[in-house]
Amino acid sequence: MSRLWQVFLEQRERWFLWSPVLVAVGIGLYFLAPSEPPWWGGLLALGFAVGGAALGRNREAVFVVGLCLVLATLGFTAAQIRNFSVAAPVLAKKTGVLSVTGRIVTLERGKASGRVVLEEVTIPGIAEVPDRIRVRLNRPDPSLLPGEMVKMRAVLMPPPEPTAPDAFSFSRHVWFLGIGGVGFAVSPAERVEGEDVLATASLIERLRSRVTGRIVEVLGLETGAVAAALVTGEVGGISEPLMEAYRASGLAHLLSISGLHMSLAAGLVFVGVRGLLALIPPIALRYDIKKATAFIALGAMTFYLLLSGAGVPTQRAYLMTAVVLLAVMVDRAAISQRLVAWAALLILLIRPEALVGPSFQMSFAAVVALVATYEVLARPLRRWRVEGEDSWWRGAGLYLSGVLLTTVVASVATAPFAVYHFHRFSLYSLAANLLAVPLTGLWVMPWAIAALLLMPLGWDGPALEAMGWGVEIVNRTAQAVAAWPHASLGVSAFSVAVPIIFALGGLWFCLWQGRGRLWGLVAVPLGLLIAALATPPDILVGSSGRSVAARGDDGELRLIRGRAESFTETAWAEAEGQERLPPWEGQLS
């Protein structure tokens, strides 16, 4: 026992890196609880943990265990408090056609009709009206803007529950967004005159809407929708065939504004502004332009965060980029696992529900793995550059090998979570990313930044056109790779225990120092074994009772009742790694 404690003490400098892991354990226990714990449960457990740590402060081992319990109970309590803070009425059942009035919070302009989230909702005849509802419009209306009060006739229903065990919980997702009902409009949205409110949030949403509209206006629907996704984060306009091509080719991550986009934008602003300031000798010689440039880049990133809609991956990327820029301002190391840990802690304590979503899991899996790789290779690469001759081929080789390595590391790190959530594995994602990622970084994003800077002056057309050329090549790359044989392999659903095992093993491998980190690799065969031994359900019944599927003697899930193209049946098919469930043949015994 003393030997194990000694090994643990040797990792003292890395203890803090496990803080978000322990907080995540507490959050995970809360969401895995079969029922809602009493409101005082988390606070009571946290109080006992703090008291135990305080009493054991003179005994190091007891104190460390107490701190671990404090962090875990802190995560549990944060999740419970967050759940209570967003509590709002939810529709109890599906309604008929109703008159609905509400203020537009967000507006997605899809390729068909579009979708709105409404607040300040008024629905005659409903006792407990949800604070927010999400409605699919029955026809597109480019003139609608966030902040406007609208009315329409619509059919509403409660947010759908998970379609199968361990499936994505849409109802939990929208619960934390304050949405208590979803539905579709059966009449056009009509403005309620004189009721507009231009709050800060509405102004930001209006700006996002106008920028998206401008990009689509210049580049057309297909190219413009993808370009808008890179700038404003709105993906609703991307056609389903093109979106499917991005998924099958392993390029879907490009459509979610995350670390790649934020770091590229920050780097471009930093290099560009610093270069301009360096051309002014009185400023360059008198002031520390590096720190000033970092501050300007931070302001630009804050604007990009707001313009992009501030999704979970964008928040994570912003925090990471902000900490890096702050480190530059105070002359500290800019890349480290400690920065990753701080970013994870902030997100988990502010938005605990992010833990169970694919964005958080895949984002941090990639970042932790990439930083761990950097920690191992930074010194030898620095020595290689210093000792070798300065030549273009060394720089080009270093860049290309860096793109290859980061693509491989990020793909391997995120694969277990991508397969668990999306039930597919992109076989040729490496090839697609080797072309699409450099093109996005070296061509698309610089022109996107130029277009944003020129848009207020009305001179953004040429920059958007240039951006569109790159986006079109990325689109064609996604479509070409998706057409290759077996580009996207379907994978049947498996237990949530599998990604948890891979996460713990990966964290151990990346955070532990010394040969003991190799124990983290045990997670690979263990996770694969549990996934292979998973027992899928024999019968699935939809929440409405209208959809039923059963597993035949051949082990294949077949549709007994329902429509193969409906939401529930499509989700069942995806969980089976198929595009569509085959119909049941023969008699039921």
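Take LEU260, LEU326 and order them by how many other Cβ atoms sit within 10 Å, fewest up front.
Exposure proxy ranking, most exposed first: LEU326, LEU260.
With a bin width of 5 angstrom, please list the P(r) values of the stretch 2-85 as percents of all Cα-Cα pairs, from the 0 bin to the one holding the largest distance.
Percent of Cα pairs in each bin: 3, 15, 21, 22, 17, 11, 7, 4, 1, 0.
Could you list which residues have their amide H under 5 Å from that of ARG558, counting only those 5 or more apart in sequence or on another chain, with H placed in the peptide plane?
Amide H neighbours of ARG558, under 5 Å, 5+ apart: ALA550, ARG551, GLY552.
Determine ³J(HN,Hα), in whole Hz, for all residues of the stretch 120-127 in sequence, where each value follows from phi through the Karplus function 6.51 cos²θ - 1.76 cosθ + 1.60 and θ = phi - 60°; x replaces Gly and Pro.
For the stretch 120-127, the Karplus curve yields 6, 7, 10, 9, x, x, 9, 5 Hz.
Can you bin the stretch 19-148 into rounded, prolate or oblate? Criterion: square roots of the alpha carbon gyration tensor eigenvalues sorted a ≥ b ≥ c, rounded for a/c under 1.5, prolate for a/b above b/c, oblate for the rest.
Verdict is prolate for the stretch 19-148.
Could you estimate the translational diffusion coefficient of the stretch 438-485 from the Stokes-Einstein equation, with Rh from the Kirkwood formula over C-alpha pairs, at 25 °C and 0.890 mPa s, in whole µm²/s?
Answer from the Stokes-Einstein relation: 216 µm²/s.
Ignoring everything except DSSP H segments at least 4 long, calculate the 222 nm mean residue ellipticity for the chain; use -39,500 (n - 2.57) per segment, divide by total residues, nearest 500.
Helix contribution divided over all residues of the chain: -18500 deg cm²/dmol.
If I model the stretch 247-371 as equal point scatterers sitting on the Cα atoms and use the Debye formula, what is log10 I(q)/I(0) at q = 0.18 Å⁻¹?
Each listed q maps to, in turn, -0.96.
Just the Kirkwood number for the stretch 171-291, please: inverse of mean 1/r across all distinct Cα pairs, in Å, one decimal.
Every distinct Cα pair counted, the radius reaches 18.5 Å.
How many angstrom separate the Cα center of the stretch 406-435 from the Cα center of the stretch 491-558?
17 Å
Pick out the long, greasy-scoring helices in the chain: whole DSSP H runs spanning 18 Å or more along their own axis by Cα, mean Kyte-Doolittle at least 0.0.
Span-like helices, by this rule, are 19-32, 41-55, 60-85, 200-219, 259-278, 289-307, 312-329, 337-350, 358-387, 392-422, 461-482, 497-511.
Which number gives the lysine pairs in the chain that have C-alpha atoms under 27 Å apart and are eight or more places apart or on different chains?
Taking the Cα cut-off of 27 Å, the pair count is 4.
For the stretch 425-535, state the semi-axes of the equivalent ellipsoid (square roots of 5 times the eigenvalues of the alpha-carbon gyration tensor), sorted largest first and rounded to whole angstrom.
Equivalent-ellipsoid dimensions as semi-axes: 41, 20, 12 Å.
So what's the stretch 247-490 giving for Cα Rg divided by 2.2 N^0.38 Å, two decimals?
The stretch 247-490 yields a ratio of 1.07.
Can you tell which of LEU17, ASN58, ALA79 lies farthest toward the positive end of the dipole of the stretch 2-85, using +1 and -1 charges on the Cβ of basic and acidic side chains (Lys, Arg; Asp, Glu)?
Most positive-ward Cα: ASN58.
Rounded to a whole number of µm²/s, how large is the Stokes-Einstein D of the stretch 536-589 at 4 °C and 1.567 mPa s, given Rh as the Kirkwood radius over C-alpha pairs?
Estimated diffusion coefficient is 118 µm²/s.
Distances over 16 Å make up what percent of all Cα-Cα pairs in the stretch 472-589?
Of all Cα-Cα distances in the stretch 472-589, 71 percent exceed 16 Å.
Largest first and in whole Å, what are the equivalent-ellipsoid semi-axes of the stretch 97-197 based on the Cα gyration tensor, each being the root of 5 times an eigenvalue?
Values for the stretch 97-197, descending: 23, 15, 12 Å.
Roughly how big is the stretch 365-507's charge dipole about its Cα centre, with Cβ charges of +1 (Lys, Arg) and -1 (Asp, Glu), in debye to the nearest 20?
360 debye
Treating only the Cβ of Lys, Arg, Asp and Glu as charged (+1, +1, -1, -1), what charge dipole size does the chain show about its Cα centre? Round to the nearest 20 debye.
1260 debye
Using alpha-carbon pairs under 8 Å, 6+ residues apart, how would you state the relative contact order of the chain in percent?
Rounded, it is 12 percent for the chain.
In units of 2.2 N^0.38 Å, what is the alpha-carbon radius of gyration of the stretch 407-464?
Relative to the 2.2 N^0.38 Å estimate, the stretch 407-464 comes out at 1.62.
From zero outward in steps of 20 Å, how is the percent of C-alpha pairs of the chain spread across the bins?
17, 51, 29, 3, 0
Test of understanding: ordering ILE126, ILE133, ILE215 by Cβ neighbours within 10 Å, fewest first, what list do you get?
ILE126, ILE133, ILE215
So for the stretch 356-515, what are the equivalent ellipsoid semi-axes in whole Å, largest first, each being the square root of 5 times an eigenvalue of the Cα gyration tensor?
Calculated on Cα positions only, the semi-axes equal 31, 26, 16 Å.
Values in this text are rule-based calculations from the coordinates and carry no lab data. The structure displayed is predicted, hence computed values, not measured ones. Neighbour counts are summed over all protein chains in view; Cβ atoms, including those assigned to glycine, are modelled from backbone coordinates with ideal geometry.
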